[in-house]
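The values are calculated or read from the model by the stated rules, or taken from the named source; none is laboratory data. Remember, predicted model here, so these are calculated numbers, not experimental data. Cβ coordinates were reconstructed from backbone atoms using ideal geometry, including for glycine residues, and neighbour counts include every protein chain displayed. With ligands, DNA and RNA removed, areas are computed over all heavy atoms of the protein, side chains included. Shrake-Rupley method; radii C 1.70, N 1.55, O 1.52, S 1.80 Å.
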Amino acid sequence: MSYLITLFEQHSYLILFIGIFLELMALPISGEFLMSYAGFFVYQGEMNYFLAILTVFLSAGAGITLTYWIGKAGGYKLIEKYGKYVHLGPERYKKTAAWFERSGSKLLVFAYFIPGVRHFTGYVSGVSKIPFRKFIIPAYTGAFFMGNLFYYPWKSIRSKMGYFPSSSR
């Protein structure tokens, strides 16, 4: 475990980027854990607040955009063939697609905060043929809010203590 902590200390932005990106590809990685740990690093002054938010924004944006294009290219056949490997079989897809139909693009903003849903929103949006222009703004807005949710409390605590460096690293 100490090796992982040292690795994160040395390559925090890169590991945060890769971890969030892979989580949104529906791999079993805990983005909440990585962002919380990075938030603690922000609190300690080991990571820069704005760079941490930018890292999450870019990695989440890249991950959800790639899953959108994979879903769009693969279509429903992708769900039938490979969905079972990421817990998105035809039945779960139908439920999620129905939820998208009812909620529209608002779900894309809030899906980042629903564990198990954020991992599939890009795929479902692509398979459902949602136009990319309607997809991109709410998806990236959600990515921005997600980054702020995990880092702002740490920044706030630190600033109340009277110490929050404008930048580190």
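What are the equivalent ellipsoid semi-axes of the chain, built from the alpha-carbon gyration tensor (square roots of five times its eigenvalues), in whole angstrom, biggest first? Could the numbers behind the result be given before it?
Numbers: eigenvalues 207, 55, 29 Å².
In descending order, the three semi-axes are 32, 17, 12 Å.
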Query raised in the report: Lysine pairs in the chain 8 or more apart or on different chains: how many have alpha carbons under 17 angstrom apart?
Result: 15
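Whole number in Å², please: accessible area per residue of the chain, 1.4 Å probe, ligands, DNA and RNA not counted.
Details: 9120 Å² over 169 residues.
Per residue, the chain has an accessible area of 54 Å².
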Query raised in the report: Based on the alpha-carbon gyration tensor of the range 1-84 and its eigenvalue square roots a ≥ b ≥ c, which shape applies: rounded if a/c is under 1.5, prolate if not and a/b is larger than b/c, or oblate?
Result: prolate
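Multiply the residue gap between LYS95 and LYS77 by 0.36 nm, knock off their C-alpha separation, and tell me the result in nm, one decimal place. It would help to have the intermediate numbers written out before the result.
Working: separation 18, 0.36 × 18 = 6.48 nm, distance 1.66 nm.
In short, 4.8 nm is gained.
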**Report entry** Nitroxide proxy distance, nm - points 7 Å out along Cα→Cβ at TYR3 and GLN44
**Finding:** 2.0 nm
Query - Solvent exposure, largest accessible area first (probe 1.4 Å, DNA, RNA and ligands not counted), of TRP69, TRP99 - result: TRP69, TRP99
**Report entry** Extension gain from SER103 to PHE33, taking 0.36 nm per residue of separation minus the Cα-Cα distance
**Finding:** 22.4 nm
